[in-house]
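Some notes on the structure that comes next.
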Amino acid sequence: MNQRQFIGIKRDQIYSPNHIINDNLIFQKIIDELNKIGVKSKVYSENEINSLTISNSEVIFSMARGEKAGNRLLNLADDGLLIINSGRAVLNCYRVNMIKLLQDAGVNFPFSRVVTTENTNINYSLDDFNSHKIWIKRGDVHAVHREDVSLVYSNEEMTNLLKEFSTRGIKEAVLQEHLDGDVVKFYCVKDTSFFYWYYLNGKNHAKFDLDELKKYATNSARALGLEILGGDAIISPEGQISIIDVNDWPSFAPIRDEASKIIAYTIYKKAKKFYNL
């Protein structure tokens, strides 16, 4: 593998709200584990990727999440580079794209509508969701500000939040059904046996089919093109599983040491296979 240069792209802090330290820690641990395997890595920030000169003999592992970085990674993939997670996968995780891809893949997902934020006179309301409260989420990247994922209780509150999104340059938003139940977080690495989950909150801790959750995670990875992923699910009091979010390359904070070993070896193994080494 000496003829291959491994390049790590760190996530911009703006895309790590409340997780800057954890994102940095998993990234550094992966670099350390690659080093133990004998792989040296050069590290750049997400903001540097568009100015880098990258040859087609290099391997990129990237936590980048911004649109500009995602598009550059798309172009590099077209040039024949191995990229984990790919630019396409990152952009697929933008909510306006993710909703359709997951639904088409048979993943149980809450009823959701994509709306524009520039015109809030469109005829939609909480009545469309048969609920007295719904979630409003920015349509592109995951939360950057506290208001980017908000629970609203009235049409007036919904309209005001959409206007606030528009003011901030967020052109699309997702209106999503609220589901009652416990929140479960999960982490996995595609094509490995690694899977970790835990209850984030809730008091029912209803029993559910773990194999079904794993199936949804696998289907999500395939549909979105992800290698390294995590997500959130709602477990209803009756044990029904609904995926409410999928994240490209989360921090793996509760199981960072084990995950970093699996991820590093996965990057190494995929690089060997990709370049027939």
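What residues have an amide H closer than 5 Å to that of His145, excluding those fewer than 5 places away on the same chain, when H is modeled at 1.01 Å from N in the peptide plane?
none
Long-range amide H contacts for Val189: which residues qualify at under 5 Å (H placed 1.01 Å from N, peptide plane, sequence gap of 5 or more or a different chain)?
For Val189, the qualifying residues are Phe194.
Calculate how steeply helix 256-274 sits against the longest principal axis of the alpha-carbon atoms of the chain, using the helix alpha-carbon long axis, and give the answer as 0 to 90 degrees to the nearest 10.
Approximately 60 degrees, to the nearest ten.
Using alpha-carbon pairs under 8 Å, 6+ residues apart, how would you state the relative contact order of the chain in percent?
Here the relative contact order equals 21 percent.
Mind pulling the angle between the C-alpha long axis of helix 95-104 and the longest principal axis of the chain? Nearest 10 degrees, somewhere in 0 to 90.
90
What percent antiparallel are the DSSP beta bridges of the chain, to the nearest 5?
75
Among His19, His132, His142, which one moves the most in a GNM of the chain with springs linking Cα atoms closer than 10 Å?
His132
Past the 25 Å Cα-Cα mark, which pairs from Lys36/Lys269; Lys10/Lys270; Lys100/Lys214; Lys29/Lys207?
In this structure, Lys29/Lys207 lie more than 25 Å apart at Cα.
Per DSSP H run of n ≥ 4, the term is -39500 (n - 2.57); total these for the chain, divide by its residue number, and report the mean residue ellipticity at 222 nm rounded to 500 deg cm²/dmol.
One gets -10500 deg cm²/dmol as the mean residue ellipticity at 222 nm.
Pick out, from Asn247, Ile54, Pro110, the residue whose Cα sits farthest towards the positive end of the charge dipole of the chain, with +1 on the Cβ of Lys and Arg and -1 on the Cβ of Asp and Glu.
Ile54
Please build a GNM for the chain, connecting alpha carbons under 10 Å apart, and tell me which residue among Tyr44, Tyr216, Tyr15 fluctuates the most.
Tyr44
Please report how far the C-alpha centroid of the stretch 180-259 lies from that of the stretch 1-73, rounded to the nearest whole angstrom.
The two parts, judged by their Cα centres, are 24 Å apart.
Pick from Leu210, Leu34, Leu91: which residue has the top mean-square fluctuation in a GNM of the chain where Cα pairs under 10 Å get a spring?
Leu210
Coordinate-derived values only; no laboratory data. Nothing here was measured: the structure is a model prediction, and the numbers come from that model. With ideal geometry, Cβ positions are generated from the backbone for all residues, glycine too; neighbour counts draw on all protein chains shown.
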